[in-house]
Structures are given as structure tokens and as C-alpha cells.
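Here's the structure, in C-alpha cells; my notes come after.
Just so it is clear, none of the values below were taken in a lab; they were calculated from the coordinates. Keep in mind it's a predicted model, so treat the numbers as computed, not measured. No Cβ is skipped: glycine too gets one built from the backbone with ideal geometry, and neighbour counts run over all protein chains shown.
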Amino acid sequence: MLDTTLEQLRHQFITLPEREALALVQKNAADCTAKISSGEMRQQELEKLLSAAEATSATLRKKRERLEQQMKTVIAPREAEALQHEISTVGSEIDAVDEESLAFMEESEHIDSTLVAARSALIELQASEIAATASLQQAEEYKKAEARDVEEKRHRLADTLDEKWSAAYELRRSQHKGIAVAKVKNHVCGGCHLDLSTSEVDLLKKETDENRECPNCARWLVF
């Protein structure tokens, strides 16, 4: 039963709720970091796009100014009409570029606010990770202390056993994932969890300790 307790403690050590809590905080922190990185990269892209749009807008405005100056010197109606059409076209292009620039600026402002929130959240998550790490270490130490106590009891008990019996026990234990002895409860083997028939139970109760083993998993049985 002490070996069973040790196996349970090992499983509890691996599945500590503090371990799961720390993993969740670390995942959230990683997601937050990725979000910040993605936002910063998009901001850099938007800066380039906005700079290019501003340059295009400036070029188009100069072109419109030049056309408007040229318009003042035109006398022929047909030429004036063509220039007016070109000025109108350039104006539409300027409006489109300005609208695009506005969209870039609005997206940049939204990302800025998102980054502020994400950076604040990351600071909180980093603090939570430190606290969760400390909690896990404390829980691990507690479980290790429990295991040491059980192992000490096991060693003391092992010293009182017959050497032949002890060797046979350790061999069987190595063959059954650390559990050589299982308890039978309600006709169910505590090792493999399979049902034993009434006749099997009756026969097993008549056997000696070293021969009383589960017909399914071959662990020694106690009733």
C-alpha cells in the first residue's frame, strides 16, 4: 500500500493544479506577447504606407497646381475642357489617397490603444507568472516532503521483510509499474480493475500469500 501511495503522490506531483495554473498564465503571456509583436509590426507597415500615401498626395497636389496654372493661360475651349477634366481626375485621385491615409491613421490609432492595453496586461501576467511559479514550487516541495515520508516508512518496513520475499516483491513490482500488490474490493482487483468471479475469489482466499495473485494482471492480492 505504501508503493501505491508513492505512485499516487508521483501522479499528484505531475498533475498539481498549480502546474496547470502556471501553464495557463504562461500561455496567456505568450499570446499577449505575440499580439504586441503583431501590432508593432503592423504599425511599422502602416507608417510606411502612410508615408507613401502622403508622398503620392503631395505629388498629385503639385500636379493639380501646375494644371490649374496652365488653365489660366489656355484660351481654346476644347483645350480648357481637357485640362478641366484632367484637374478633376487628379482631384479624385487626391481624395482617394487622402481617404486611404485617413483609414491608415484610424487603424494606427486603434492599434495604439490595443498595444497600450496589451502591454499593461502583459505586465500583470508577468507578475502573475512570478506568483504562480512560487506557488508551484511550494506545492512541489510539499509533495516531495510527503513522498520522502512515505519512502522512509517503506524503507523501514522493507528492512523487516525476509530477503527472499523482498526480492520477489521488487521483481514483481518492476513488472507492474511499481505496484506489486493490489487490494480486492467488491470482487474487483485494485491493480487492473477487472472483475473476479466468486469462485476465483474463494480459491484465492485459500492460497498462501505468495501464490495469491490476480489471474488477470498477476499482482499479489490482499483482501
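Brief remarks on what is shown
- With neighbours defined as other Cβ atoms within 10 Å of a residue's Cβ, the residues 104, 223 order from fewest to most as 223, 104.
- Listed by chain and number, the lysines whose alpha-carbon sits under 26 Å from that of residue 153, ignoring those within fewer than 8 places in the same chain, are 143, 144, 164, 177, 183, 185.
- Added length on full extension, which subtracts the Cα-Cα distance from 0.36 nm per residue, residue 108 to residue 186: 21.2 nm
- Simple Cβ-charge dipole of the chain, Lys/Arg +1 and Asp/Glu -1, about Cα centre, in debye nearest 20: 880 debye
- Rounded to the nearest 20 debye, the dipole magnitude of region 125-192 is 420 debye, with +1 charges on Lys and Arg beta carbons, -1 on Asp and Glu beta carbons, and the Cα centre as origin.
- Cβ charges +1 (Lys, Arg) and -1 (Asp, Glu), total dipole of region 163-222, debye: 180 debye
- Isotropically averaged projected area of region 1-156, using the convex hull of Cα atoms (one quarter of hull area), nm²: 13.0 nm²
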